[in-house]
Structure formats: C-alpha cells, structure tokens
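The structure under discussion appears below in the form of structure tokens.
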Amino acid sequence: MDLNGLVDKGLRGESATRDEALAVLASPDDGLLDVVAAAGRVRRRWFGRRVKLNYLVNLKSGLCPEDCSYCSQRLGSDTGILKYTWLKPEQAAAAAAAGTAGGAKRVCLVASGRGPTDRDVERVATTIAAIRETSPGVEICACLGLLSDGQADRLREAGAHAYSHNLNTSEDNYADICTTHRFADRVDTVERSRRAGMSACSGLIAGMGEADGDLVDVALALRELDVDSVPVNFLIPFEGTPLSETWALTPQRCLRILAMVRFVCPDVEVRLAGGREIHLRTLQPLALHVVNSIFLGDYLTSEGQPGRADLEMIADAGFEVERAGAGTLPAHRRHTGRVAVRRRGAGTDLPPNA
C-alpha cells in the first residue's frame, strides 16, 4: 500500500481507487497509526482542525413498515424502544435549541417510516419554521425516508439546508439487509434531494457482516453520487433485531474504515456517527484525526456519551468546534453545480485550512 500516493491524491481532491481502498482495509494493526496519520494529512488539507457538531431530533419513533435488519424500529421488532408519533413543532424546537446551546451548528430532523406523505412534509415544514424562530442560524437537515415527486422541493422551500438518506451498504449486499425497498430507491432519493437544491448527506453502516468489498463499493457509490456529507455508522446490535448477535468490529477496524472513507471522499464532510462509543471506545480521539464531524449527544434510539465529554475530547485532542456561521466544505465545492450551496450557503464559504 502506497500511503504517500494516497495522501498526494487526497491533497488534490482525488479519490482512491477500489484496489487502494481495499488495501487500506487490509492493512495490519502494526501500521494503523501510519494510516491514521496519512488520512489526517488529507483531513487537515480540506478541513483544518475544525470539528462540526450535529444534533439529532427524533420527530417520530418506531412504527416503521420496513424490514431493515440493523434497525431497532423495523417491522416486527421487539426491541423495547420508545414509540411515538410526530412531535409538536414547539417540542422539536425546544430539542433543537438544546443542541445548539451545546455547540451544534446542524440539527437533523429524523422520522421513522418508509417515507413521508405530503401531509408529513407539511408537518416538517411547520417544524422547520418553529426551529427558525428559536435557533435562527442553525442548519437544518431532514431525514424522512424515501421521497416522492415534489417533496424535496417543498422541504427546500421550507428552509431545509440538507437531506439525509444513507445507502447503508453496497448494492450487491443490499438484499441481504433489507427486502422492502431497493438500493436503487435510496439512490433515487439522494438524487432527488440534490436536484431540489439541498445538500446531499448519505453514508453507510459498517459491521453488518459485509465483506471489505461491500464497504469499498458503498464508499465509491457515495463518491459517484457526489454527496457533501458521509456519516459513517457502526452497527449497534440491538436485541430483538436479526443482527443482534453480530459483533464484527474492533476499534482498529473502525479506524481503518474511517480512513478508507476519507481517502475515497477526501474533500467532503466525513461524520463519525452511531456506534462510535461502543466500537471505538478509548480510540475515539484518534478518529478525530480522520473525520471532521460528529453527532453530539444521543442518537435515534440509543444513548451517546454526554455532550460535555464530547467537547472535552475535541479540545484534549487539539481540535476546535466549528463556529456557527462558518463554512464546512472547502470553497471549490461551491462551483460544482450544487444549487443548495449557492442558494442556501450550506457550509462552503471557507477556503481550505480556514
């Protein structure tokens, strides 16, 4: 594996090849720090030492008709999670304000289900307006499932900066994870969000029993879709789901996966997401040298570490919280046809290393 060559590519904003990405995943533990250091050079080129904080607001929990094997909210699950229908706009706004008070610059509004009805989209539009009143400067990302005609445009008009819809795994592996919708359906929703002028956020889940090739192929698919943000989740094996006994990750493997994603997507936001506390454990600070974004606090149906601990970890590792109003993505990504970037300033006004 030619780490210097990977770094040179990353510094130019070029993606690693499939073979190069596979080599990163296959690298030995003895060379792990070298891999992290190499990925860190690419991270610093495009994002300096800034860490973007994101905060989840779960608008609707459980009650999902889909059979995604990893999900505690799946059809027929017996996970004991809290189930509720839509939060009222003022409740969501109060939750969002708690996140921004802790330093979050983006609030992610999430609702379980296959996808929203047009009435649901109007509910979310009202919620966005309520959040704007209490947290006027925050970026808002919606994550509502599969979108149909006109819904992405309505969310953009309502003030959503971004839309999040993960690919989760490779196309070849997808039918082993979910049977109630297709990989192509997820790609379609990502493309709809981009065409509507929102910043596209889409990522993956590692640790579901996939092969190295599946991890690389989903990362390459995300690069091909030209998404702005890639959340990397690590499977939380919830009791009551088909993957409840799947424990396939070590802290070292998690770091290699993050580094692989950074080399494939050198100049986009790579976000450390669900499962980081469980699988990275004491190596979380090392991950900050690769990623430039994390979720603050809890996730959808699982607890994260306290927000104060996250802030201390960032400071102790020599990084700084990205300030409100600052750009996230490097400046050159403003000029690739993203309407959301130009119209809504979705985090792209700073030059590299600003």
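Conditions (1) surrounded by fewer than 23 Cβ atoms within 10 Å (Cβ to Cβ); (2) touching a Leu at 6+ places or on another chain (Cβ under 8 Å); (3) assigned to a loop (DSSP other than H, G, I, E, B), marked per residue:
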| residue | (1), (2), (3) |
| --- | --- |
| Gly115 | yes, yes, yes |
| Ser148 | yes, no, yes |
| Asp153 | yes, no, no |
| Tyr163 | no, yes, no |
| Gly197 | yes, no, yes |
Exercise for the section: Evaluate the range 57-80: report whether one residue or more is without any contact (Cβ under 8 Å) to a residue 40 or more places away in the chain, of a type outside the set (S, T, N, Q) and farther than 21 Å from Val230 by Cβ. Expected result: yes
Exercise for the section: Return the total of residues in the range 1-38 being closer than 18 Å to Leu222 by Cα and either in contact with a helix residue (DSSP H, G or I) (Cβ under 8 Å, 6 or more places away or on another chain) or buried (at least 19 other Cβ atoms within 10 Å of the Cβ) (or both). Expected result: 11
Handout entry: Every residue from the range 129-142 that is surrounded by fewer than 21 Cβ atoms within 10 Å (Cβ to Cβ) and hydrophobic (A, V, I, L, M, F, W, C)
Key = Ala129, Ala130, Val138
Exercise for the section: Starting from residues that are touching a Lys or Arg at 6+ places or on another chain (Cβ under 7 Å) and among the polar types (S, T, N, Q), keep the ones in the range 227-255 and report whichever is nearest to Asp29 (Cα to Cα). Expected result: Ser229
Fill in the blank from the handout: The residue that is modelled with the highest pLDDT, considering only those in the range 1-58 that are under 20 Å from the mean Cα position of the chain (by Cα) and polar (S, T, N, Q), is Ser15
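Results for (1) of a type in the set (Asp, Glu); (2) at negative phi, shown as yes or no for each residue.
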residue	(1), (2)
Thr127	no, yes
Glu139	yes, yes
His161	no, yes
His165	no, yes
Asp185	yes, yes
Asp188	yes, yes
Ala200	no, yes
Gly209	no, no
Asp226	yes, no
Problem - Residue among Ala211, Ala219 that alone is at pLDDT 95 or above, within 15 Å of Leu25 (Cβ to Cβ) and out of contact with any helix residue (DSSP H, G or I) (no Cβ under 9 Å at 6 or more places or on another chain) - result: Ala211
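The values are calculated or read from the model by the stated rules, or taken from the named source; none is laboratory data. What you see is a predicted model; the values in this text were computed from it and never measured. Positions of Cβ are generated from backbone atoms using ideal geometry, with glycine treated the same way; all protein chains shown enter the neighbour counts.
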